[in-house]
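Chemist: Below is one structure. I have some questions about it.
The values are calculated or read from the model by the stated rules, or taken from the named source; none is laboratory data. Since this is a predicted model, take the numbers as computed values, not measurements. Cβ: placed from backbone, ideal geometry, glycine included. Neighbour counts: every protein chain shown. SASA here: full protein model, heavy atoms, side chains in, ligands and nucleic acids out. Shrake-Rupley method; radii C 1.70, N 1.55, O 1.52, S 1.80 Å.
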Amino acid sequence: SRLKSRLVKTQRALGDGLGDLLLGKRTLDQDLLDEIETALLAADVGAETTELLIRDLTGRLRRRELTEARAAYRQLRQDMLDIVRPVARPLVVPAGTRPYVVMVVGVNGVGKTTTIGKVGRRLKESGNSVMLAAGDTFRAAAIEQLKVWGERIDAPVIAQHTGADAAAVAHDAMHAARARGVDVLIVDTAGRQHTHGGLMDELRKIKRVIAKSDPSAPHEVLMVLDAGTGQNALSQLKHFGDAVGVTGIALTKLDGTAKGGILIAIARQSALPIRFIGVGEDVDDLQPFSAEDYVDALLP
Ligand code: GDP
């Protein structure tokens, strides 16, 4: 499938590695468990989540529930599915919430602007009117890039000049979205500190301004993470989560990395909904996250 071909680097690192270990006729023993552990860590499943998975297999081995390598493979696959299934929760715009406000956060370069454009396009295709707000006011290129996406998906873009107060842009956008009866407002934000107060203060201020206009908003704080940064993505998530309360994740660039196991670590350690995964630069390459498709792509 398309997803399988896009996740091929992680599939080679994790799936082939585990397949070689477990799909032979070996019996399950401590040496094999150690090799499984190494393969999981190599794919950036992370120490904590790897330990959890290995502990489960070890317990089953001790209790003699598992003796064959093949059965361990099936069990591992099931354990991964059990971890990722609960977080495969799509972004749903409820009827009656107008505008539904999505505030998008993340460090520079993770694919934030691209994700906004692609999410906007998806929401438009499902019948919503969409407005974008250029809240990354520091980078002229970010404002320009958002305007390009606005034209491409035929969505108005609320923007001010470079260096403008991002909270003021958010304030304008809330007003404009209300006035025009827009269904979904997507607010871009800066990804790097540039003001005296610091990035987290700026993000908190944007959130406050949005909430002032509608106490139930923002309805989603979507954090964009680059899978290629591996374990770093987890610390970014913690940092932003503590500051602004992340409610959903878009995990990009799963196509370019062998570290795709980070998705399992994120699922396990944050329990936050993974709304979308990015598997390429094309507009259709941002997909709603499906637990089954992901595990199928990694572990055939
Ligand atoms: P921002 O700085 O976070 O706004 O990042 P951009 O949206 O400008 O994206 C940075 C680069 O990453 C662009 O060249 C995008 O096309 C690319 N990109 C975004 N998502 C993906 C993805 O899922 N896969 C790949 N291969 N590239 C991506």
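Chemist: Please specify each residue of region 120-136 satisfying the condition of being open to solvent by 10 Å² or more (accessible area, probe 1.4 Å) and either among the β-branched types (V, I, T) or not in a helix (DSSP H, G or I) (or both). Give the steps one after another, and end with the answer.
Modeler: The first filter runs over region 120-136 and keeps only residues open to solvent by 10 Å² or more (accessible area, probe 1.4 Å), leaving 121-129.
Once the filter is applied, which keeps residues that are open to solvent by 10 Å² or more (accessible area, probe 1.4 Å) and either among the β-branched types (V, I, T) or not in a helix (DSSP H, G or I) (or both), region 120-136 yields S126, G127, N128, S129.
Chemist: Would you list the helices (runs of 4 or more DSSP H) that sit entirely within region 1-119 and hold 3 or more residues that are surrounded by 17 or more Cβ atoms within 10 Å (Cβ to Cβ)? Write out each step before concluding.
Modeler: Working: elements: 2-6, 17-22, 30-42, 47-62, 69-84.
Because the criterion is at least 3 residues that are surrounded by 17 or more Cβ atoms within 10 Å (Cβ to Cβ), the helices (runs of 4 or more DSSP H) in region 1-119 that meet it are 17-22, 30-42, 47-62, 69-84.
Chemist: Could you please tell me which pairs satisfy a Cβ distance under 6 Å, a separation of 6+ or placement on different chains, a first residue in region 116-128 that is under 19 Å from L251 (Cβ atoms) and more than 16 Å from the ligand (Cβ to nearest atom), and a second residue that is open to solvent by less than 20 Å² (accessible area, probe 1.4 Å) and at pLDDT 95 or above?
Modeler: Every condition considered, the pairs that remain are L123/V130; L123/V184.
Chemist: Follow-up question, since we're still on this one. Restricting attention to region 160-180, does a residue exist that is among the hydroxyl-bearing types (S, T, Y) and farther than 23 Å from V92 by Cα?
Modeler: yes
Chemist: Within region 229-245, track down each residue that is open to solvent by 10 Å² or more (accessible area, probe 1.4 Å) and among the β-branched types (V, I, T).
Modeler: T229
Chemist: Which of the numbered conditions does A190 fail, given that it passes all the others? Conditions: (1) under 19 Å from T115 (Cβ atoms); (2) open to solvent by 20 Å² or more (accessible area, probe 1.4 Å).
Modeler: Of (1) under 19 Å from T115 (Cβ atoms); (2) open to solvent by 20 Å² or more (accessible area, probe 1.4 Å), only one is false for A190: (2).
Chemist: Give all pairs with beta carbons closer than 6 Å in which a residue from region 272-300 that is farther than 30 Å from L23 by Cβ meets a residue that is among the aliphatic types (A, V, I, L, M) and open to solvent by 10 Å² or more (accessible area, probe 1.4 Å); count only pairs at least 6 apart in sequence or on separate chains.
Modeler: Note: pairs meeting the criteria are R275/L91.
Chemist: Also, quick follow-up: Check H219 against each of (1) surrounded by 17 or more Cβ atoms within 10 Å (Cβ to Cβ); (2) more than 27 Å from R178 (Cα to Cα); (3) away from the ligand (no atom under 16 Å from the Cβ) and name the one condition it does not meet.
Modeler: The number of the failed condition is (2).
Chemist: Would you pick out the residues in region 238-266 that are over 10 Å from the mean Cα position of the chain (by Cα) and under 22 Å from K207 (Cβ atoms)?
Modeler: Passing the criteria: K238, H239, F240, G241, D242, A243, V244, G245, V246, T247.
Chemist: In the set K212, K205, K147, which member is in contact with a strand residue (DSSP E or B) (Cβ under 7 Å, 6 or more places away or on another chain) and open to solvent by 20 Å² or more (accessible area, probe 1.4 Å)?
Modeler: Selected residue: K147, the only one of K212, K205, K147 that is in contact with a strand residue (DSSP E or B) (Cβ under 7 Å, 6 or more places away or on another chain) and open to solvent by 20 Å² or more (accessible area, probe 1.4 Å).
Chemist: Checking the conditions here, which among A95, A88 is in contact with a Phe, Trp or Tyr (Cβ under 7 Å, 6 or more places away or on another chain) and more than 16 Å from the ligand (Cβ to nearest atom)?
Modeler: Details: A95 fails: in contact with a Phe, Trp or Tyr (Cβ under 7 Å, 6 or more places away or on another chain).
One residue alone meets the criteria, A88.
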